[in-house]
Amino acid sequence: MELTIKSRNGKISERQREHIEEKLAKLGRYLNGITSIAVEIQHEQQRNAGEIYRVQTTLVAEHGVILRAEERAPDLYAAIDEVQEVLQRQISRYKEKYWRRSRELRRATNGFTPAEEVAIAEEEAAAAPAEPEPEAKVIRTKTFRLRPMFVDDAIEQMELLGHNFFIFQNAETMQVSVLYRRRDGNYGVIVPEIG
């Protein structure tokens, strides 16, 4: 697993680096095939909250799995601990969905015997949470025409619509891009890479 740690402002001590490596290495217990984890740390001064550490983490694993977590705390160690907990929950949720789908696929293709079906059902009931979460559904599909525009125009259009993101064709590169509003009030642009 490749671990990249960047600090936007300030330096990270060796003790802090070791804590980050130790905490994030534990994620390998929950998900096999983690190829890389990128950690970005920013020390901010906020009016209401005082000094805050913002930790953004992007985890990349085999089969195209990408998990992202961002947490803020007055202490770097606390922010790292919170990011690790969020990623651990995301991994558990991903694995449960993946496990359920693969189990259903195996049932459909292998044709289990009735005794195996009962054992599987009992196993699933034991593994299921006490209160099942309602499944998220696609309730609306929207179609719109992409037209080339510059990033500034896309920001203006997004603000006019009152959305947190906006999909547009960048007039400079002619690529489809996603503009989004970040928690800190700035904007980000996602440019997909096909491959």
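The values are calculated or read from the model by the stated rules, or taken from the named source; none is laboratory data. A quick note: this is a predicted structure, and the numbers were derived from the prediction, not measured. When we count neighbours, we look across all protein chains shown, and the Cβ atoms used for this are built from the backbone with ideal geometry, even at glycine.
Descriptive notes on the structure:
- Whichever residue in the stretch 24-43 is in contact (Cβ under 8 Å) with a residue 40 or more places away in the chain and not hydrophobic (A, V, I, L, M, F, W, C) and, among such residues, is farthest from Arg8 (Cα to Cα): Tyr30
- Only one of the listed residues (Glu82, Glu22, Glu18, Glu96) is touching a strand residue (DSSP E or B) at 6+ places or on another chain (Cβ under 7 Å) and among the acidic types (Asp, Glu). That residue is Glu82.
- Answer from Ala69, Ala79, Ala121 - the residue that is modelled with pLDDT of 60 or more, over 16 Å from Arg29 (Cβ atoms) and under 14 Å from the mean Cα position of the chain (by Cα): Ala69
- Enumeration of residues in the stretch 132-185 that are outside any loop (DSSP other than H, G, I, E, B) and closer than 30 Å to Lys97 by Cβ: Phe165, Phe166, Ile167, Val176, Ser177, Val178, Leu179, Tyr180, Arg181
- Criterion (under 18 Å from the mean Cα position of the chain (by Cα) and not aromatic (Phe, Trp, Tyr)) met by exactly one of Ser7, Ser36: Ser36
- All positions within the stretch 166-183 that are closer than 18 Å to Ala69 by Cα and either exposed (fewer than 13 other Cβ atoms within 10 Å of the Cβ) or touching a Leu at 6+ places or on another chain (Cβ under 7 Å) (or both): Arg182, Arg183
- Among (1) of a type in the set (Lys, Arg); (2) at pLDDT 90 or above; (3) in contact with a Ser or Thr (Cβ under 6 Å, 6 or more places away or on another chain) - the single one Lys6 does not satisfy: (3)
- Boolean, Asn9 is more than 30 Å from Ile194 (Cβ to Cβ) and surrounded by fewer than 13 Cβ atoms within 10 Å (Cβ to Cβ): yes
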